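Readers should treat all values here as calculations from the given coordinates under stated rules, not as data from a laboratory. Computed from a prediction, not measured in an experiment: that's the story for all the values here. Cβ: placed from backbone, ideal geometry, glycine included. Neighbour counts: every protein chain shown.
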Amino acid sequence: MKFNKEELDLLVKKYYYTKDNSYKEEIIKILLPLIKYLAIKNGNINDLEDLTQIGVLGLLKALERFDINKLEMNKNSNFLNFAIPTIVGEIKKYYRDHHYLIRMPRDIYDNYFKITKGINFLRTKLKREPTIKEISDYVNIPPEKIVEFLEFEKNKKSLSLEYEYQNENKYNLGYFIEDKSSKIDNDTKIDIQNAVNSLDPIEKMVINLRFFEGLTQEEIAKKLNTIQVKISRIQAKALQKLKEYFLK
């Protein structure tokens, strides 16, 4: 994990002034062992591959945001001191958002890093938020998948479905459902079951098929003899109902 900070800063300068991706790849190669170490330290070794990819995305974000003038004007400044908090922040955020949540649908999970990396690249290149079509064209993924990905990101808090009991302990619906051996009292289990049962039959079916059986919205639509757009609306409405149930 040892490397020369001055050599790293020199590579950062070269990348900044030339935008040559070969310098970027060299920076990633040098810092990859450190990123893996930070991933294990701030996450879980079982999620090492995913957290390492997130750490690399954090590194790239730091690289684009770093003020190169600091290297020129302050001898005590270096890129690594700026990059590490950004890398750790991205790892912790991803781990917090995805650990013990209702299972991320497989088709979204499979494209998560590709879409995220594409969006970050286009933001930097275009200096604005990219359109759905621009993202779709760049990552070669259908627009409807991009829309669902963005909806999923937007509704992370809804998906965590956290609620507070009088003792101020926070519980997570996804955790209780996924972990059948979790030691929670019967009243809590009943409360969770009541929340799911409070949904309309079609909403309950869509949530089950989407998040627990891992079907795509298109597959659910075909199974229920309807269109994907309608399934998307049902899913969004059901998640909002569950969130409101636990926050009331």
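Applying 1/(1 + (r/R0)^6) with R0 = 45 Å to the Cβ-Cβ distance of LYS70 and VAL196, what FRET efficiency is obtained, to the nearest 0.05?
Working: r = 52 Å, r/R0 = 1.16.
About 0.30, to the nearest 0.05.
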Long-range amide H contacts for THR216: which residues qualify at under 5 Å (H placed 1.01 Å from N, peptide plane, sequence gap of 5 or more or a different chain)? none
Pop out the ³J(HN,Hα) list for the range 8-13 in order, Karplus 6.51 cos²θ - 1.76 cosθ + 1.60 with θ = phi - 60°, rounded to Hz; leave Gly and Pro as x. 5, 4, 5, 5, 4, 4
By how many nm would the segment from ASN4 to GLU213 lengthen if fully extended, with 0.36 nm per residue of separation less the alpha-carbon distance? 70.4 nm
Identify the trypsin sites (Lys or Arg not before Pro) of the range 9-78 meeting these criteria: DSSP loop state and at most 14 other C-beta atoms within 10 Å of the C-beta. LYS19, LYS75
Cross-link list LYS24/LYS145; LYS133/LYS222; LYS5/LYS93; LYS125/LYS145; LYS61/LYS114: which exceed 18 angstrom alpha carbon to alpha carbon? LYS24/LYS145; LYS133/LYS222; LYS5/LYS93; LYS125/LYS145
Distance in nm between LYS204 and LYS237 label points, each 7 Å along Cα→Cβ, equals 1.6 nm
